[in-house]
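Every number here is computed from the coordinates shown, using simple stated rules; none is lab data. Quick caveat: nothing in here was measured; it's all calculated off a predicted structure. For neighbour counting, all protein chains shown are included, and Cβ atoms are generated from backbone atoms with ideal geometry for every residue, glycine included.
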Amino acid sequence: MADNTFQNVGDNLNQFLANSAFSNLTIGQIIMIIAGLAFIYFAITKEMNPLLLIPIGFGIIIGNIPFPTGFLLGINEDGSVLSYLYLGVAKSIYPSLIFLGIGAMTDFSSLIANPKLILIGFATQLGIFGAFSIAMALGFSPAHSGAISIIGGGDGMTAIFLASKLAPELISIVAISAFTYMALIQFIQPPVMKLLTTKKERTIRMKPMRVVSKLEKVLFPLIGILLTCFIVPLALPLLGMLFFGNLLRESGVTKRLTDTVKGPLIDIVTILIGLTIGVSAEASILLTGEALSIFVLGAVSLFIATIGGVLLVKLINLFLKAENKINPLIGNAGLATLPESARISQIVGLKYDKTNFLLMHAMGPNAAGIIGSALAAGVILTFLF
């Protein structure tokens, strides 16, 4: 009887250990857990996009703890809590809600006051189409190339939106790459900006912006939604929410809704999208040659985007009078990493002239970059979906 009791205890103990994470842990999962810890470390100690990197980093840790199947724990197990939360990513619900919040937080005055700055926002989309061409040349399918290319827009939400339509199996790779580079943009852009500009160009002082009326601010989202989505209707889920959020902001009569959208709502969605994207980043998906190629292509696309924005400003300046010239240091701000790219323009500019403030001017192309990346995603969908 005692022997049977000990045997049962031993069997139960063996079963317990067999179902533990220690028994099933792989080298790949260890590497990914370390990567998740690194995300959290840099987010806390270096304050590198902490609102996203901390949820993503913690999600990576969760997603790479091995567990027995059949208990409805995993993100890929139908009926699990994580699988329901991940639907917001797979169905592009979270990106659309984030765009709603961005619209409510964004002041488009800089763009309205100087409409030609929208050209800079569109020029940086060269990174998207450059990455698409390179991906195709490397042998990726058109759908995969389209999903990868959007990393060059510097907008993680648009990247998730497009990948969910064209290549759902690449969502985690594309999203992790996009969010990582959004945090690293402060290291990627300045060397390119300095390389392509002269000291004289870096000290160009731009004319003060004119005051934009309330009527112009209210009309902007209304004209914007009609103009952009009639041309590229497949961008409607993103741009519709962006312009709606901006109308709430500028109408002046929906303060409660505006505060909710740009506060609690966007915070909740940011937590959910960061955590679920992190959980989906399993070692079997991220630690592959294909994932490495995508990660490298993401960096290349951002370099191309920055080059495109800076060179376009230099080209535009050839046709402008001296008093109307644009400082090419705001050319980088055409990426949709709002407001980080605009801050980079300011930081680099102050190194050469401590009294030359470029931030408000850079916000123009930065806002245009959000519109431009969503339009680029719509164009790609139009041809590939």
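Summary of values
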{"read-out": "Count of the range 222-255 residues which are farther than 10 Å from residue 374 by Cα, among the β-branched types (Val, Ile, Thr) and not in a helix (DSSP H, G or I)", "value": "2"}
{"read-out": "Candidate set: the range 304-346, residues that are among the aliphatic types (A, V, I, L, M) and without any contact (Cβ under 8 Å) to a residue 40 or more places away in the chain; chosen: the one nearest to residue 51 (Cα to Cα)", "value": "342"}
{"read-out": "The range 275-291 residues that are in contact (Cβ under 8 Å) with a residue 60 or more places away in the chain, paired with ones that are among the aromatic types (Phe, Trp, Tyr) and assigned to a helix (DSSP H, G or I) (beta carbon under 6 Å, 6 or more apart)", "value": "276/86"}
{"read-out": "Filter result for residue 273 (more than 20 Å from the chain's Cα centre (by Cα) and part of a helix (DSSP H, G or I))", "value": "no"}
{"read-out": "Residue match in the range 67-82 (condition: assigned to a helix (DSSP H, G or I) and surrounded by fewer than 15 Cβ atoms within 10 Å (Cβ to Cβ))", "value": "yes"}
{"read-out": "Candidate set: the range 212-250, residues that are touching a residue at least 12 places away in the same chain (Cβ under 8 Å) and over 24 Å from residue 95 (Cβ atoms); chosen: the one surrounded by the fewest Cβ atoms within 10 Å (Cβ to Cβ)", "value": "214"}
{"read-out": "Top-ranked residue in the range 351-385 [being touching a helix residue (DSSP H, G or I) at 6+ places or on another chain (Cβ under 8 Å) and part of a loop (DSSP other than H, G, I, E, B); ranked as surrounded by the most Cβ atoms within 10 Å (Cβ to Cβ)]", "value": "358"}
{"read-out": "Filter pass, residue 255 being under 30 Å from residue 52 (Cα atoms) and surrounded by fewer than 19 Cβ atoms within 10 Å (Cβ to Cβ)", "value": "yes"}
{"read-out": "Odd one out for residue 313 among (1) buried (at least 24 other Cβ atoms within 10 Å of the Cβ); (2) closer than 20 Å to residue 147 by Cα; (3) of a type outside the set (Asp, Glu)", "value": "(2)"}
{"read-out": "Filtered residue count, the range 187-211, keeping only those that are surrounded by fewer than 18 Cβ atoms within 10 Å (Cβ to Cβ) and assigned to a helix (DSSP H, G or I)", "value": "6"}
{"read-out": "Per-region count, the range 120-138, residues within 19 Å of residue 308 (Cα to Cα), in contact (Cβ under 8 Å) with a residue 24 or more places away in the chain and either of a type in the set (A, V, I, L, M, F, W, C) or in a helix (DSSP H, G or I) (or both)", "value": "13"}
{"read-out": "Set 120, 148, 98: member being over 15 Å from the mean Cα position of the chain (by Cα) and crowded, with 24+ Cβ neighbours inside 10 Å", "value": "120"}
{"read-out": "Pair list, Cβ < 8 Å and 6+ apart or interchain, from the range 82-110 residues that are in contact (Cβ under 8 Å) with a residue 40 or more places away in the chain and within 22 Å of residue 172 (Cα to Cα) to residues that are among the aromatic types (Phe, Trp, Tyr) and part of a helix (DSSP H, G or I)", "value": "88/94; 92/161; 95/161; 96/161"}
{"read-out": "Test result for residue 25, surrounded by fewer than 18 Cβ atoms within 10 Å (Cβ to Cβ) and either among the basic types (Lys, Arg) or out of contact with any Asp or Glu (no Cβ under 8 Å at 6 or more places or on another chain) (or both)", "value": "yes"}
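Yes or no, residue by residue, for (1) acidic (Asp, Glu); (2) part of a loop (DSSP other than H, G, I, E, B); (3) farther than 25 Å from residue 250 by Cβ; (4) touching a Phe, Trp or Tyr at 6+ places or on another chain (Cβ under 8 Å):
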| site | (1), (2), (3), (4) |
| --- | --- |
| 85 | no, no, yes, no |
| 94 | no, no, no, no |
| 98 | no, no, no, no |
| 102 | no, no, no, no |
| 118 | no, no, no, no |
| 140 | no, yes, yes, no |
| 165 | no, no, yes, yes |
| 175 | no, no, yes, no |
